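This report concerns only the one structure given below.
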Amino acid sequence: MAGTGTSVAAPARAAATYNKECGTGCTQVNQVPIPGRGTVFLTYNAATGKNCVVTKRNSLSGSRLWVGSWIQRNADLSGPVHLDAKGKCVDWGGEIDGYVVARYKTNCGTLAPAGQQTR
């Protein structure tokens, strides 16, 4: 038995990138991937002392999915997406279509280099 065929790789999905969605003065200080779906970005504004979190999909095309973000000061029960946490640890995360990622007690007054995860 003989046969011929062609193997075609699935198109690569571009990774989500932070594009200043949190506004002027906010610098990306951390990120966590949501495997195969997108990335959650943590930012910090040194002038205001506030953090911001944004969750972005790898692709804007395709079906509509639930996308969410959250942040809180470590040890608080809840908090807004923008948060005054200068010199404090933060808990943060995001969700895309029921797939949730989170990081706890991170960025405790220090900045992780852009693109580097911290645990």
From the residues in the stretch 22-50 that are aliphatic (A, V, I, L, M) and open to solvent by less than 10 Å² (accessible area, probe 1.4 Å), which one is farthest from ALA102 (Cα to Cα)? VAL29
Is there any pair with a first residue in the stretch 100-112 that is assigned to a strand (DSSP E or B) and among the β-branched types (Val, Ile, Thr) and a second that is at pLDDT below 85 and surrounded by 13 or more Cβ atoms within 10 Å (Cβ to Cβ) whose Cβ atoms are under 6 Å apart and which are 6 or more apart or on different chains, and what are they? THR106/THR118
Out of the residues in the stretch 76-85 that are surrounded by fewer than 20 Cβ atoms within 10 Å (Cβ to Cβ) and of a type in the set (Gly, Ala, Ser), which is modelled with the lowest pLDDT? SER78
Would you check which residues across the stretch 55-69 are in contact with a Ser or Thr (Cβ under 7 Å, 6 or more places away or on another chain) and surrounded by fewer than 22 Cβ atoms within 10 Å (Cβ to Cβ) and list them? VAL67, GLY68, SER69
Out of (1) in contact with a Gly (Cβ under 8 Å, 6 or more places away or on another chain); (2) modelled with pLDDT of 80 or more; (3) not acidic (Asp, Glu), the odd one out for ARG73 is which? (2)
Please determine whether any residue of the stretch 86-108 is modelled with pLDDT under 80 and more than 12 Å from the chain's Cα centre (by Cα). no
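The values are calculated or read from the model by the stated rules, or taken from the named source; none is laboratory data. Worth saying up front: this structure is predicted, and the values here are computed from it rather than measured. Note that we place each Cβ from the backbone using ideal geometry, even for glycine, and neighbour counts take in every protein chain shown. Keep in mind that these areas ignore ligands, DNA and RNA; they rest on the heavy atoms of the full protein, side chains included. Shrake-Rupley method; radii C 1.70, N 1.55, O 1.52, S 1.80 Å.
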